[in-house]
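*Asks:* Starting off with a structure, shown below.
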Amino acid sequence: MQARGLPEKDCTVSDKSQTAACPCGNTTTKGKVLAYAACCGRYLDHWGSQPAPDAKALMRSRYTAFVRENAAYLQASWHASQRPQSLEFDPASKWLGLEVKDFKLTGESTAEVEFVARYRHAGRAVRLHERSRFLREEGRWYYVDGEQF
Ligand SMILES: [Zn+2]
């Protein structure tokens, strides 16, 4: 909700949403929690200049985009063949966390990421377990579709 569509220079460290822990829960190799600006924020707030380097980073950033209700980023990173016309966020749902289970390249420009995302919907805990497919076009990764378990 914050920072949507802001020019890059407006994203300062005084903005708490930039320095708070990234919603995707990513950590450094030493187990230190990454700040939003050092994690998915690099891609969410800089779609034009800094694409996610691989499908896993894109997947994490898309989870964070759902948490932050950044529809523009979700649509931009959705492959054109599958992209929904519009997106709506359910106010009764609250995202609780992400766990990336598996990440593999399945070809020169294709990859799969398996993850579990947890959220609460109207007080009920829901576990979304999906294997997502990604495609790279002109150096940029896109989410194509996913198969739920
Ligand atoms: Zn992140």
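All of the numbers you see were taken from the coordinates with simple rules; none came from a lab. Fair warning: this is a prediction, and the values are worked out from it, not measured in the lab. So basically every Cβ, Gly included, is an ideal-geometry build from the backbone, and we count neighbours across all protein chains shown.
*Asks:* Could you line up Val33, Val67 from fewest to most neighbouring Cβ atoms inside 10 Å?
*Replies:* Listing Val33, Val67 from fewest to most nearby Cβ atoms yields Val33, Val67.
*Asks:* Suppose the chain between Asp54 and Ala72 were pulled fully straight at 0.36 nm per residue; how much longer would it get relative to their current alpha carbon spacing?
*Replies:* Extending this stretch completely gives an extra 4.5 nm.
*Asks:* Can I ask one more? Using θ = phi - 60° and the Karplus form 6.51 cos²θ - 1.76 cosθ + 1.60, what ³J(HN,Hα) does each residue of region 62-67 get, whole Hz, x for Gly and Pro?
*Replies:* The phi angles translate into 6, 4, 4, 5, 5, 4 Hz.
*Asks:* I would also like to ask the following. With θ set to phi - 60° and the Karplus curve 6.51 cos²θ - 1.76 cosθ + 1.60, what are the ³J(HN,Hα) couplings of region 115-131 in order, to the nearest whole Hz, using x for Gly and Pro?
*Replies:* 8, 10, 10, 10, 8, 10, 10, 6, x, 9, 7, 10, 10, 9, 10, 9, 10
*Asks:* Search the structure for amide H atoms under 5 Å from the amide H of Val144, placed 1.01 Å from N in the peptide plane, and list their residues when 5 or more places away or on another chain.
*Replies:* His79, Arg133, Phe134, Leu135
*Asks:* DSSP loop (so not H, G, I, E, B), at most 11 other Cβ within 10 Å: list which GluC sites (Glu not before Pro) in region 20-113 pass both filters.
*Replies:* Glu88, Glu108
*Asks:* Can you tell me how much longer the chain between Trp47 and Glu130 gets when fully stretched, taken as 0.36 nm per residue apart minus their C-alpha distance, in nm with one decimal?
*Replies:* 27.5 nm
*Asks:* Only bridges whose two residues both fall in the chain count here: according to DSSP, what percent of them are antiparallel, nearest 5?
*Replies:* Antiparallel bridges make up about 95 percent of those DSSP assigns within the chain.
*Asks:* Here's something else I'd like to know. Work out, in µm²/s and without decimals, the Stokes-Einstein translational diffusion coefficient of region 8-148 at 37 °C, 0.692 mPa s, Rh from Kirkwood over C-alpha pairs.
*Replies:* 211 µm²/s
*Asks:* Grab the Cα-Cα distance for Asp102 and Thr19, subtract it from 0.36 nm times how many residues apart they are, and report the gain in nm with one decimal.
*Replies:* 27.1 nm
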